[in-house]
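Just below is one structure, and these are the notes that go with it.
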Amino acid sequence: MKRKILVFACVFVFAALALCGCGSSSEIEEEINPGEFSYEMLDISIVVDEIYDSLEISEYTKESVIKATDETFIEEQYYLDLKNVISYDIRYAKGNYGAADVAVIRVKEGKAGEVMDSLENRKDDRITEFRNYDVYDSYDIAFNAEIYQEGELVVMLMLSEDDKAKAKEIVNNYIP
């Protein structure tokens, strides 16, 4: 009889602990409320890292990707006025092994159009660059690059059609 009571008590304690664990899980879910999203919380580099991790490009192209950090380079090569930008992550392939360029830029209010125009100029430069050196379909990739606004972000995806679709999905996953 004592053994049955001990087993019953153990089962009861285990069940109580399991239920307590469930309660804290829902409290965590409440803390991560998508309705509380803000762009200040968004780490753009994580988004771009995930995009590059998902790409189906040659190893040579992947190894040639460079993160643009020099402000003068960004202003001259991407035609960006950094006064219009809050934060950014811009990466590009050197071009010797194909095109795989991604720019995710958080823009100041009312400046998305100017930033999009700047990226259109960069796109035109890449089209010209690949016109005579079309390795791994770089010319078509540059020609069909997509530049769009998503909330406070301006995004340029100079990727294959399949990779663009995956990249858009990734961007949308980070923005409610």
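Read the figures in this text as sums done on the coordinates, not as results from a lab. It should be emphasised that the depicted structure is a prediction, and the values quoted were computed from it without experimental measurement. Quick reminder, even Gly has a Cβ in these numbers, built from the backbone with ideal geometry, and neighbours come from all protein chains shown.
Could you pull out which residues in region 89-116 have an amide N less than 18 Å from a spot 7 Å beyond the Cα of N132, following the Cα-Cβ vector?
95-98
Enumerate the calculated ³J(HN,Hα) couplings along region 102-116 in order (Karplus 6.51 cos²θ - 1.76 cosθ + 1.60, θ = phi - 60°), each rounded to whole Hz, writing x wherever the residue is Gly or Pro.
Once rounded to whole Hz, the list reads 9, 10, 10, 10, 8, 9, 6, 4, x, 10, 4, x, 5, 5, 5.
Fewest Cβ neighbours within 10 Å first, please rank K67, K164 accordingly.
Details: K67 11, K164 18.
With the fewest neighbours first, K67, K164 line up as K67, K164.
What list of ³J(HN,Hα) couplings, whole Hz, do you get for region 47-56 from phi and the Karplus terms 6.51, -1.76, 1.60, once you set θ to phi - 60° and write x for glycine and proline?
Coupling constants for region 47-56: 4, 5, 4, 5, 4, 5, 5, 8, 5, 10 Hz.
Sorting R106, R126 on the 10 Å Cβ count, fewest up front, what's the list?
R106, R126
Under 5 Å between amide H atoms, partner at least 5 residues away or on a different chain: which partners does I86 have, H built in plane at 1.01 Å?
Under 5 Å from the amide H of I86: R106, V107, K108.
Using only Cα atoms, figure out Rg for region 39-174 and give it as a multiple of 2.2 N^0.38 Å.
Cα-based Rg divided by the globular estimate yields 0.97.
Would you kindly compute the Cα radius of gyration of region 52-113 and its largest Cα-Cα separation (Dmax), both in Å?
In order Rg, Dmax, the Cα atoms of region 52-113 give 13.0, 39 Å.
Can you list residues from other chains, or at least 5 along the same chain, whose modelled amide H is less than 5 Å from the amide H of A68?
I90, R91, Y92
In terms of modelled amide H atoms, which long-range or inter-chain residues lie less than 5 Å from the amide H of Y97?
Under 5 Å from the amide H of Y97 lies no amide H from a residue far enough along the sequence or on another chain.
Among T72, T61, which comes first, second and so on when ranked by fewest other beta-carbon atoms within 10 Å?
T72, T61
Using the structure shown, select from K83/K123; K62/K166; K94/K168; K108/K164 the pairs with a Cα to Cα distance greater than 19 angstrom.
From K83/K123; K62/K166; K94/K168; K108/K164, over 19 Å: K83/K123; K94/K168; K108/K164.
For region 104-176, state which GluC sites (Glu not before Pro) are in a DSSP loop and have at most 10 other beta carbons lying within 10 Å of their beta carbon.
Here the GluC sites (Glu not before Pro) that fit, given the DSSP loop and packing criteria, are E109.
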